[in-house]
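No lab work stands behind these numbers, since they all come straight from the coordinates. Note that the structure is a prediction, hence the values are computed from the model and not measured. As a convention, Cβ positions derive from the backbone with ideal geometry for all residues, glycine included, and neighbour counts pool all protein chains shown.
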Amino acid sequence: MFRKSIVPLLILLSACTLQPWEYEMDSSGFVLPSVCRHDLALETAKIPVMLEPRGQNSKYDGFTIFEDGTPTTIIIMDDLVGWRYDDVLHHERCHVVAGPYWHL
């Protein structure tokens with residue numbers, strides 16, 4: 001009985017979840033510039049997103065590779081899931097749109 005009653009609640013709560021660009025800042029505390037406060041998937045569609053195993057000394061959840069000032073690849077650590085993955089991916093897409101140093 002409990003299981004049946006909680007399913008609609010979980011569906012409702014998941015539908016109310018905000019997207020990463022709907023927050024003023026990302027989960028690392030960086031304020032998103034105005035050019036990044038929307039879904040960046042279409043604008044960054046040509047930039048491949050690669051999953052990479054987290055190394056023992058890796059302190060970053062993701063990074064964007066730039067070659068000659070042009071973004072070429074987004075790298076996301078493969079242990080991220082759910083909202084954390086979405087947040088890091090949006091952060092890295094923001095680097096593609098706003099530049100490599102937008103939060104410095």
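Couple of notes before you dig in:
- Extension gain (nm, one decimal) between Leu51 and Trp102, 0.36 nm per residue minus Cα-Cα: 16.1 nm
- Fraction of antiparallel bridges per DSSP, segment 19-98 only, in percent to nearest 5: 65 percent
- Under a 5 Å amide H cut-off, with hydrogens placed 1.01 Å from N, Thr72 pairs with Ile65, Phe66, Glu67 among residues at least 5 apart or on other chains.
- DSSP-loop chymotrypsin sites (Phe, Trp or Tyr not before Pro) across segment 63-104, with at most 14 other Cβ within 10 angstrom: Tyr101
- Under 13 Å, Cβ to Cβ, from Leu40 - net charge with Lys/Arg +1 and Asp/Glu -1: -4
- For segment 19-104, the dipole from Cβ point charges (+1 on Lys and Arg, -1 on Asp and Glu) about the Cα centre works out to 80 debye, to the nearest 20.
- Other residues within the sphere of radius under 11 Å centred on the Cβ of Glu52, judged by their own Cβ, net out at -2 (K and R +1, D and E -1).
- Segment 19-98 - percent relative contact order, Cα under 8 Å, separation 6 or more: 35 percent
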